[in-house]
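Okay, handing you the structure first.
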Amino acid sequence: MTRQVILVLPILVPLAAAVFSVAASFVVQRRVALVALTGHLLASALLFALVASGEVFAVQLAAWPAPFGITFVADTFSGLLLVSMSVITWLVMLHSTASVPREIQRLAFFPLVLVLLAGVSGAVLTGDLFNLYVWFEVLLMASFVLLTLGAERAQLEGGLKYVALNLIASAFFLTGVGLLYGTTGTLNLADLSRQMSDLPLSFPRIAAVLLLLLSFGIKAAVFPLFGWLPASYHTPPAAVAALFSALLTKVGVYSMIRVGTLLLPQPPETLTNALLAVAALTMITGVLGAVAQTEMKRLLSFHIVSQIGYLVLGFALYSVAGLTGAIYFFVHVSVAKAALFLVAGEFERRWQTTELTQLGGSYRDAPMLAAACFAGAMGLAGLPPLSGFFAKLQLVVATVEARAFLSLVAALSVSMLTLFSMCKIWAEAFWKALPTTSTSVAPEESPRAMRFATVGLASITLLLGAFAEPVLLVAEQAAEQLLDRRAYLQAVLGGP
Amino acid sequence: MRSLILLTASRLLFPLLLLFSAFLLFRGHNAPGGGFVGGLVAAAAVALHALAHGINATQRMVVVTPLKLVAAGLGCALGSGLFGWFSQQPYLTGVWVSLPLLGKAGTPVLFDVGVYLLVVGMVTHVLFLLWEE
């Protein structure tokens, strides 16, 4: 009984809070949002405590038995991600109370974030392919509005690209869903998984899976379908970009891993090779794009693309080691990237610019911010003993095990370039002398909420590095469940 | 532009349409119909009123803001799922009670009413926004 309640809470709490505060003033909305996010965090933590032992459990909504009704499933993978997303959203929201301009906060900003979080939680927990589509639409709709709040020219232009590409992705998704339903007669992921392993991969089925992977690829911004991301993520306030980088593209990768491992028990080698190539190209193009940028938010947006490549690499290896790396990387990159976006948010608010050529010498005004940025940037680049080092080490070990040496070369050289551009951010913003031509204003005192959130996320990066072992063990358990599938099928369908 | 025909027709049709929308809402329980189509019919009634009497009169008539209707509808639908928990069932499970005269009443009706309010609110909201353009 408690399990039935806890599994629904991460969706219900933010959604209900959004509904009840939507007509209130933004001060009330802000309070309700922080309370609801705390509730979401508690619910996710409880959920994680239940699945941490390796248990997988499911709820059949409205008591319709699977595969006829809608199933929600929690396993180690989804539990771990929910907790990490919840912590990040909480801190980013705290930051946004100070960093997002009042006039944008007034436009139902907080209810929209809650709806976004509800959509993400739904997409993570659902065990039904069509329901996954519905949650994707929920979170996309919230994100469309969040992206264009304020309606500046650049925002609308970025938003248009974002909407167009995501609608195309949704069309691919639906086509794939239709093909699968036509050939198997079910959309329950567990039931699909059982049927797919029993039958040979015939043409419509492989086409359906490819369409699904393609649509998740667009949503996750992999090469060559990433164009919408750097075009749109730098336009909203930095806190919104932090939220998007931690939630939106990550849900795309999550669905790719979840649906990919369930529907393709033994993927054809051409597919994994293609995925490895896509992963390598995503890393390389992303980081090359980032190296060329001098504006902080644009630079970080390109890095999102580059890091997605590592996640896809871990998935494409299709081994326990690879998925362990991907899952640990997932948590690490969400935290580190959100921390860096929050640093950019602080620059946006206090210096009124995020253009690196206009900044310099900021460590004197903001030593804590410099330290937080350093932890986030070096963590992302993968310097030991920070979290990125262990994430990349695990992925490198997995690539060597799989003898995918080209991917190994790509991963390591992209790492070098990441280090380069992270050094660039830190050195340009904090270290170099302030350019004489600079138009940046002298910084005002940083609001406490903003400082707490930025430093909080940066310290989580440090903690992830310090306690890499237990997190990696949880990630390994999640990876084993993903590849083994038996616990998942049993939880949903019952029986042996 | 005031048209006498439209005014008279709307005075007759407005209550009829609302009645019909309620009929569709409750018919949807076991037969084609339901909250969505019922809500659309009710919103059509509001649109007709706006056509005949002008948007200002309609806005005065619809006392609650459409956004609140949307919120109330969503809250109603979300809340209807909670009853399942009280009878040790998963979220959204239908719970039924026998009432004198009415027969059996259950939480799915509450869910449908939520959909109804949501659709009325949403369409009216869009209608008011477009009218202002």
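Among (1) within 27 Å of A:Ala487 (Cα to Cα); (2) within 13 Å of chain B (Cβ to nearest Cβ); (3) open to solvent by 10 Å² or more (accessible area, probe 1.4 Å), which single condition is A:Leu125 missing?
The failed condition is (3).
Does A:Ala433 fit the bill of being open to solvent by less than 20 Å² (accessible area, probe 1.4 Å) and more than 23 Å from the chain's Cα centre (by Cα)?
Taking the combined requirement at face value, the residue does not satisfy it.
Here's the yes/no breakdown for (1) more than 24 Å from the chain's Cα centre (by Cα); (2) of a type in the set (Val, Ile, Thr); (3) surrounded by fewer than 24 Cβ atoms within 10 Å (Cβ to Cβ):
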residue	(1), (2), (3)
A:Phe203	yes, no, yes
A:Leu212	no, no, no
A:Ala220	no, no, no
A:Pro224	no, no, yes
A:Val240	no, yes, no
A:Lys250	no, no, no
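Also: Could you say whether any residue in the range B:2-18 is without any contact (Cβ under 8 Å) to a residue 12 or more places away in the chain, under 18 Å from the mean Cα position of the chain (by Cα) and in a helix (DSSP H, G or I)?
Yes, the range B:2-18 contains a residue that is without any contact (Cβ under 8 Å) to a residue 12 or more places away in the chain, under 18 Å from the mean Cα position of the chain (by Cα) and in a helix (DSSP H, G or I).
Sort through A:Phe144, A:Phe136, A:Phe173 and tell me the only one that's in contact (Cβ under 8 Å) with a residue 12 or more places away in the chain and surrounded by fewer than 20 Cβ atoms within 10 Å (Cβ to Cβ).
Sole residue among the options that is in contact (Cβ under 8 Å) with a residue 12 or more places away in the chain and surrounded by fewer than 20 Cβ atoms within 10 Å (Cβ to Cβ): A:Phe144.
Here is a yes/no grid of residues against (1) in contact with a Phe, Trp or Tyr (Cβ under 9 Å, 6 or more places away or on another chain); (2) touching a residue at least 60 places away in the same chain (Cβ under 8 Å):
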site	(1), (2)
A:Gln195	no, no
A:Asp198	no, no
A:Ala220	yes, yes
A:Gly227	no, yes
A:Ala231	yes, yes
A:Pro236	yes, yes
A:Ser245	yes, yes
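Follow-up question, since we're still on this one. So in the range A:11-27, with the set limited to residues that are part of a helix (DSSP H, G or I) and away from chain B (no Cβ under 12 Å), which one is surrounded by the fewest Cβ atoms within 10 Å (Cβ to Cβ)?
Among residues in the range A:11-27 that are part of a helix (DSSP H, G or I) and away from chain B (no Cβ under 12 Å), the one surrounded by the fewest Cβ atoms within 10 Å (Cβ to Cβ) is A:Val27.
Report, by residue number, each residue of the range A:45-77 that is part of a helix (DSSP H, G or I), over 18 Å from A:Val134 (Cα atoms) and free of Cβ contacts under 8 Å to residues at least 60 places away in the same chain.
If the condition is that a residue be part of a helix (DSSP H, G or I), over 18 Å from A:Val134 (Cα atoms) and free of Cβ contacts under 8 Å to residues at least 60 places away in the same chain, then A:Ala45, A:Leu46, A:Leu47, A:Phe48, A:Ala49, A:Leu50, A:Val51, A:Ala63 are the ones that fit.
Restricting to the range B:68-109, name every residue that is within 20 Å of B:Gly39 (Cα to Cα) and open to solvent by 70 Å² or more (accessible area, probe 1.4 Å).
Answer for the range B:68-109, where residues must be within 20 Å of B:Gly39 (Cα to Cα) and open to solvent by 70 Å² or more (accessible area, probe 1.4 Å): just B:Lys68.
Given the criteria more than 10 Å from chain A (Cβ to nearest Cβ), touching a Cys at 6+ places or on another chain (Cβ under 9 Å) and either on the phi < 0 side of the Ramachandran plot or open to solvent by 30 Å² or more (accessible area, probe 1.4 Å) (or both), does B:Val119 qualify?
Here the answer is no, as B:Val119 does not meet what is asked.
Any idea which of A:Glu355, A:Glu346 is crowded, with 24+ Cβ neighbours inside 10 Å, among the charged types (D, E, K, R) and over 30 Å from A:Leu213 (Cα atoms)?
Only one candidate passes the filter, namely A:Glu346.
I need a count of the residues in the range A:67-83 that are within 14 Å of another protein chain (Cβ to nearest Cβ) and either surrounded by 22 or more Cβ atoms within 10 Å (Cβ to Cβ) or within 23 Å of the chain's Cα centre (by Cα) (or both).
4
Of the residues that make up the range B:29-47, is at least one open to solvent by less than 40 Å² (accessible area, probe 1.4 Å), of a type outside the set (D, E, K, R), within 14 Å of chain A (Cβ to nearest Cβ) and farther than 30 Å from B:Leu6 by Cα?
no
Check A:Arg3, A:Arg30 and return the single one that is in a helix (DSSP H, G or I), at pLDDT below 90 and open to solvent by 40 Å² or more (accessible area, probe 1.4 Å).
The unique qualifying residue is A:Arg3.
Residues A:Ser143, A:Ser170: which one is out of contact with any Pro (no Cβ under 7 Å at 6 or more places or on another chain), polar (S, T, N, Q) and under 21 Å from A:Ala16 (Cβ atoms)?
A:Ser143
Give the residues of the range A:408-429 that are farther than 15 Å from A:Leu299 by Cβ and surrounded by fewer than 16 Cβ atoms within 10 Å (Cβ to Cβ), sorted by residue number.
Hits for the range A:408-429 are A:Val409, A:Leu412, A:Ser413, A:Met416.
Would you point out which residue out of A:Phe452, A:Phe405 is of a type outside the set (A, V, I, L, M), surrounded by 14 or more Cβ atoms within 10 Å (Cβ to Cβ) and over 20 Å from A:His332 (Cβ atoms)?
The match here is A:Phe452.
Across the range B:57-86, what is the number of residues that are at the interface with chain A (Cβ under 9 Å from one of its Cβ atoms) and not in a helix (DSSP H, G or I)?
Number satisfying all stated conditions: 1.
Something else about it: Condition (residue is of a type in the set (Ser, Thr, Tyr), in contact (Cβ under 8 Å) with a residue 40 or more places away in the chain and open to solvent by 30 Å² or more (accessible area, probe 1.4 Å)) applied to the range A:285-301: is it met by at least one residue?
yes
Of the residues that make up the range A:49-57, is at least one in contact with a Lys or Arg (Cβ under 9 Å, 6 or more places away or on another chain), modelled with pLDDT under 95, surrounded by fewer than 21 Cβ atoms within 10 Å (Cβ to Cβ) and among the aliphatic types (A, V, I, L, M)?
Yes: the range A:49-57 contains one or more residues that are in contact with a Lys or Arg (Cβ under 9 Å, 6 or more places away or on another chain), modelled with pLDDT under 95, surrounded by fewer than 21 Cβ atoms within 10 Å (Cβ to Cβ) and among the aliphatic types (A, V, I, L, M).
The values are calculated or read from the model by the stated rules, or taken from the named source; none is laboratory data. This is a predicted model, so every value here is computed, not measured. For neighbour counting, all protein chains shown are included, and Cβ atoms are generated from backbone atoms with ideal geometry for every residue, glycine included. When the accessible area is computed, the model is the full protein with side chains, heavy atoms only, and any ligands, DNA or RNA have been set aside. Shrake-Rupley method; radii C 1.70, N 1.55, O 1.52, S 1.80 Å.
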